[in-house]
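Scroll down for the structure; my scribbles are underneath it.
The values are calculated or read from the model by the stated rules, or taken from the named source; none is laboratory data. Just so you know, these numbers come straight off a predicted model, no measurement behind them. Because the Cβ atoms are built from the backbone with ideal geometry, glycine has one as well, and the counts that use them run over all protein chains shown. For accessibility, only protein heavy atoms count, side chains too; no ligands or nucleic acids. Shrake-Rupley method; radii C 1.70, N 1.55, O 1.52, S 1.80 Å.
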Amino acid sequence: MAGVEVVALRQRLVGLERRLERLREANIKSAISLEELKDLCKEDKETVNPSNLLQLYTQIVLDITYFEENQLADEDFPEDSSLQRVKELISILSEPEVLVKESNPIGVLGTELLECLSWRRGALLYMYCHTVKERGCWLTENTDLFKKCLNDGIHYLLKMLRFRYPPRLNDVSFQDTDTARLLGEGIFSDTHVLAMMYVGEMCYWGLKHCGEEKPGTYEIDSESNTELYCSLHRAVLDFREVGEKMLMKYVAVCEGLLKGQNWNTANAKLILDYFKKFQS
């Protein structure tokens, strides 16, 4: 990592340290990791592995923002301050990708960390929208803002679901055929299943509270430059089409390969029935 890039990382650590000081519940692990990273940044750049620096920085970001997200949820997303705090958290969770783009291929972070960054941003916007949709007056006055939050959250979750390519089953040997079929469907964890349900719900909220029209081509706070994501980023999101696709897959997986594992499909089916009203 070039010296200028280490400087950029040091600048970001100052902001993280301030946030950590404000969090009474933040565990000692985050503080220790932050000090460790600060020490590593002081070492000779020729002896430090840039991948290790970036991965440690990303993990610290995830740990610190986790506590802040929990605070917001515990406080029920206060109407007077939560939007700004959500924006700050989205920005901080985007910093690892910004830093990687400035210095290294995006893959240096690894698939799991990249998925986690997108999941956390998408899930945060899901929780925020889940709360504010119940505030009738706010929703009436901020329909466009609500639609943008939905659009951004859906894009982050779709991005998370697209990081890994399903393995070609002919090329991989599996002892468990059900596991092989799940991986073939792009389901690598429970989080992937939950993300599909979240996307479906957010699309439902978009149709119900923002009208039948498609949302505009809102810009979202993403730094991904992959061809696939750029294509998705430019597209006009169709709430019904995207939501229906995700929920149909969710129901099929939960009532098929994951049957008996306590995944509830009742709400997904109700939303799918609602989507049928908008079919041309």
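Out of the residues in the range 83-121 meeting the condition of being open to solvent by 10 Å² or more (accessible area, probe 1.4 Å) and basic (Lys, Arg), tell me which one is modelled with the lowest pLDDT.
Only one residue fits best here, namely Lys101.
Given the structure, is Glu112 touching a residue at least 60 places away in the same chain (Cβ under 8 Å) and closer than 30 Å to Leu53 by Cα?
For Glu112, the condition - touching a residue at least 60 places away in the same chain (Cβ under 8 Å) and closer than 30 Å to Leu53 by Cα - is not met.
For the range 9-21, how many residues meet the condition of being modelled with pLDDT of 70 or more and surrounded by 15 or more Cβ atoms within 10 Å (Cβ to Cβ)?
6
Among the residues of the range 253-273, which ones are within 14 Å of Arg240 (Cβ to Cβ) and either more than 26 Å from the chain's Cα centre (by Cα) or exposed (fewer than 14 other Cβ atoms within 10 Å of the Cβ) (or both)?
Asp273
Can you name every residue in the range 147-187 that is at pLDDT 70 or above, more than 16 Å from the chain's Cα centre (by Cα) and of a type in the set (Asp, Glu)?
Scanning the range 147-187 gives Asp178, Glu185.
On the given criteria, is Glu79 charged (D, E, K, R), assigned to a loop (DSSP other than H, G, I, E, B) and modelled with pLDDT of 80 or more?
Yes: the conditions hold for Glu79.
What pairs can you find where one residue is in the range 241-266 and free of Cβ contacts under 8 Å to residues at least 12 places away in the same chain, the other is open to solvent by less than 80 Å² (accessible area, probe 1.4 Å), and their Cβ atoms are less than 7 Å apart, with a gap of 6+ or different chains?
Every condition considered, the pairs that remain are Glu255/Thr265.
Give Asp80, Asp76 a once-over and let me know the one that is under 25 Å from Met197 (Cβ atoms) and open to solvent by 20 Å² or more (accessible area, probe 1.4 Å).
After applying the criteria, what remains is Asp76.
State whether the residues of the range 135-146 include one that is at pLDDT 95 or above, open to solvent by less than 10 Å² (accessible area, probe 1.4 Å) and over 27 Å from Leu183 (Cα atoms).
Yes: one or more hits.
If you take the residues of the range 236-278 that are in a loop (DSSP other than H, G, I, E, B) and under 14 Å from Cys203 (Cβ atoms), which of them is modelled with the highest pLDDT?
Step by step, filter the range 236-278, then rank; the result is Asp238.
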